[in-house]
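The values are calculated or read from the model by the stated rules, or taken from the named source; none is laboratory data. Not measured: the values here are computed from a predicted model. Cβ placement follows ideal geometry from the backbone for every residue including glycine, while neighbour counts extend to all protein chains displayed. When the accessible area is computed, the model is the full protein with side chains, heavy atoms only, and any ligands, DNA or RNA have been set aside. Shrake-Rupley method; radii C 1.70, N 1.55, O 1.52, S 1.80 Å.
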Amino acid sequence: MTDSVFLAVHYNVIVVLVTASLSGGLCGLIGVLGVMRGYSLVSDALAHATLPGLALGFLLVVAIMPESTLTPPFFWLLLGAGLTASLALLSIQWITRNTPLSSDSAIASVLAFFFAVGVALLGIIQELDAVGQAGIERFLLGNLATTTFDEAVVVTGLACFVFTTFLVLKKEMFALCFDPLFCATQRIEKGAPLMPIFLLLATVSGIQTIGLILLVALLTLPAACGMVLQLSFYRLLVFASLQGASASALGGLISYLYEGLPSGALIVLILSAQFASLVVWRLVTRTHTPPPIEPS
Amino acid sequence: MIPHQTIDALHTFLIIDAPPLVAASLCALSCALVGNFLLLQKRALLTDAVSHSVLPGIVLAFLIIGTIHPIGMTVGAWLAAWLTITTINLLKRLTPMDTHTLIGIVLTTMFATGVVLLERTHLDNVHLDIQHALFGNLSAIIAPDGRVPPTILFLGASLLCAALFIVIVYKELVLITFDDVYARTIRYDVPLLSVGWTAVLSLVLVAGFQAVGAILILSLVISPVAAAHLYARRLPQQIGLSLVFALAAVFVGYGASLISGINSAALIAISAGLIQIYAMFNAKQHSRARYAGKPPSRLP
């Protein structure tokens, strides 16, 4: 009896740790690309735009299988999330290219509009009184403690795909990060369309771990820590993915041990404590002072 | 002689339906006012950072004071908003990251602090939880005893402050918005003005946070103004149009929420977004000609 309970606990812990570290590592890796190309808040908009997708996926599952008493399959929710997030990405691109609005305004308005649609859909779901509706609200702030086996499988699949593609195309990614114009002239744009796809996949894999509100932290903070340390590009990639993975695993473990603490908030606090101490350390050990830049 | 039913209906309207509508209108007007300048300064996303950082400010103020006191909460939220803007400006000088990354870092840190504090102190019984912080709680603004609710007074005061500030320093604010460097050259006190501007901005956002929540306020700041920006040719015209669009979004959204029973803040944000979408398609030809020389975007 005790043996089986012990095993079950361990099994859950392993599922939580695998999901957390894989999605954290994935977000850390892709976050480097995002930070270097200036897409940080684009990914914030994408993360917020997954809410209507999650709600639509849930409604679709309820409509197809009204008799089901199970919580809706993770895969369908993630599919919906990916669809609305890509719609948000396309709208941001369209607005910045075809209207006089700046990219700031485009990101802000797309973020707010998609999130509002998501909130309205959540209201509809609450009125339906369907089974398993709490399943969506856990995506807001992340809830690693409730991770199931098939969720871990989906996240693992996503992570394997992105890591392999990234390894194959790492030279192109390197060039794209530093000089997209050069890439265009040399016709090595193979990786260019992959960049937004990577961003989308990282976003979708992270919403279970850290939650869609705080997801942008996992995409910016590991890369930011590496950049404060002034690492070279490939070291930065390794450092950011390791840091994202370890912080997510630690946050997941703490939220598993102390019931009720949302994992997303813990991961963010761990990462930002590291970032703050690195910035302070950098200030103390700095040998020369750069010329002050006027805040605009 | 007015029939009883009419008086009863009017009574219900004044107590239950009118206060949220008035609150949303005041909030939308003040957001649109400050939004005009934020859009032109290309700093719309600063709103996002400030509105998220209000949460830890409110929770900490509650922990220190021990009761729900509107003034204490406002001061706490205001200090947190200040801390956010100062930290972003400081990190911009100390680290190699761009503003967007720093906004993302500071915003999530502040919000996560608020979430953990909220979860550890069990404030759920005092009308302060994550759901309300994110989605707003317009329908809770009612006037049971016929007096004006404090939230409406606060929103009115913030609208008055924003309008007064903009009227008094209109010339200086416009110059800083369009040409910061020139304003410095002719010895305008730019730091003092930005301190005042930041104070007004955070006041408006703190007031709006209590009505419509951290994320939906972003839509009230940006969408009506973006729509107005596409039509207007001069700043006063843009401000006027944005106020009209903001009020239209509030009335349409609130009406739809009365009919459907869905969260009114979300429906107001959706109608503001729809106004912006209509403007983007309708004003497209017009703006293409004006912005023919716009540099290509760096977005993906």
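Being touching a helix residue (DSSP H, G or I) at 6+ places or on another chain (Cβ under 7 Å), in a helix (DSSP H, G or I) and away from every other protein chain (no Cβ under 14 Å) holds for only one residue in B:142, B:166, B:103, and it is B:166. Scanning region B:61-77 for residues that are touching a Phe, Trp or Tyr at 6+ places or on another chain (Cβ under 8 Å) and either open to solvent by 50 Å² or more (accessible area, probe 1.4 Å) or within 13 Å of chain A (Cβ to nearest Cβ) (or both) yields B:68, B:70.
Out of curiosity, is residue A:182 touching a residue at least 24 places away in the same chain (Cβ under 8 Å) and surrounded by fewer than 22 Cβ atoms within 10 Å (Cβ to Cβ)? Here the answer is no, as residue A:182 does not meet what is asked. Would you say residue A:158 is within 14 Å of chain B (Cβ to nearest Cβ), closer than 20 Å to residue A:22 by Cα, modelled with pLDDT of 80 or more and open to solvent by 20 Å² or more (accessible area, probe 1.4 Å)? No; evaluated as a whole, the condition is false for this residue.
Residues in region A:185-203 that are open to solvent by 70 Å² or more (accessible area, probe 1.4 Å) and within 17 Å of residue A:38 (Cα to Cα): 2 in all.
What do you reckon, is residue B:87 part of a helix (DSSP H, G or I), at pLDDT 80 or above and more than 7 Å from chain A (Cβ to nearest Cβ)?
yes
Here is a yes/no grid of residues against (1) assigned to a helix (DSSP H, G or I); (2) more than 9 Å from chain A (Cβ to nearest Cβ); (3) in contact with a Lys or Arg (Cβ under 9 Å, 6 or more places away or on another chain); (4) open to solvent by 10 Å² or more (accessible area, probe 1.4 Å):
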{"position": "B:206", "(1), (2), (3), (4)": "yes, yes, no, no"}
{"position": "B:229", "(1), (2), (3), (4)": "yes, no, no, yes"}
{"position": "B:233", "(1), (2), (3), (4)": "no, yes, yes, yes"}
{"position": "B:236", "(1), (2), (3), (4)": "yes, yes, no, yes"}
{"position": "B:247", "(1), (2), (3), (4)": "yes, yes, no, yes"}
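Before we move on, is residue B:147 closer than 29 Å to residue B:234 by Cβ, more than 14 Å from chain A (Cβ to nearest Cβ) and either of a type in the set (Gly, Ala, Ser) or without any contact (Cβ under 8 Å) to a residue 24 or more places away in the chain (or both)? So residue B:147 fails the test.
Residues checked against (1) closer than 20 Å to residue B:207 by Cβ; (2) at pLDDT below 75:
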| site | (1), (2) |
| --- | --- |
| B:102 | no, no |
| B:107 | yes, no |
| B:112 | no, no |
| B:120 | no, no |
| B:126 | yes, yes |
| B:133 | yes, no |
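Applying the criterion of being under 19 Å from residue B:57 (Cβ atoms) and open to solvent by less than 10 Å² (accessible area, probe 1.4 Å) to the residues of region B:83-101, the residue that is farthest from the chain's Cα centre (by Cα) is B:88.
Candidates B:80, B:23: the one that is in contact with a Pro (Cβ under 7 Å, 6 or more places away or on another chain), surrounded by 14 or more Cβ atoms within 10 Å (Cβ to Cβ) and at pLDDT 90 or above is B:80. Restricting attention to region A:99-119, the residues that are at the interface with another protein chain (Cβ under 7 Å from one of its Cβ atoms) and either open to solvent by 10 Å² or more (accessible area, probe 1.4 Å) or at positive phi (or both) add up to 6.
Give region A:276-296 a look and list any residue that's at pLDDT 70 or above and at the interface with another protein chain (Cβ under 7 Å from one of its Cβ atoms), or say none. Across region A:276-296, the qualifying residues are A:279, A:283. Here region B:40-60 is the region considered, the condition is being part of a helix (DSSP H, G or I) and surrounded by fewer than 23 Cβ atoms within 10 Å (Cβ to Cβ), and the residue that is nearest to the other protein chains (Cβ to nearest Cβ) is B:40. Checked against (1) surrounded by 13 or more Cβ atoms within 10 Å (Cβ to Cβ); (2) out of contact with any Phe, Trp or Tyr (no Cβ under 8 Å at 6 or more places or on another chain); (3) not charged (D, E, K, R), residue B:144 passes all but a single condition, namely (1). Note on region A:234-270: residues that are touching a residue at least 40 places away in the same chain (Cβ under 8 Å), touching a Lys or Arg at 6+ places or on another chain (Cβ under 9 Å) and within 13 Å of chain B (Cβ to nearest Cβ) total 1.
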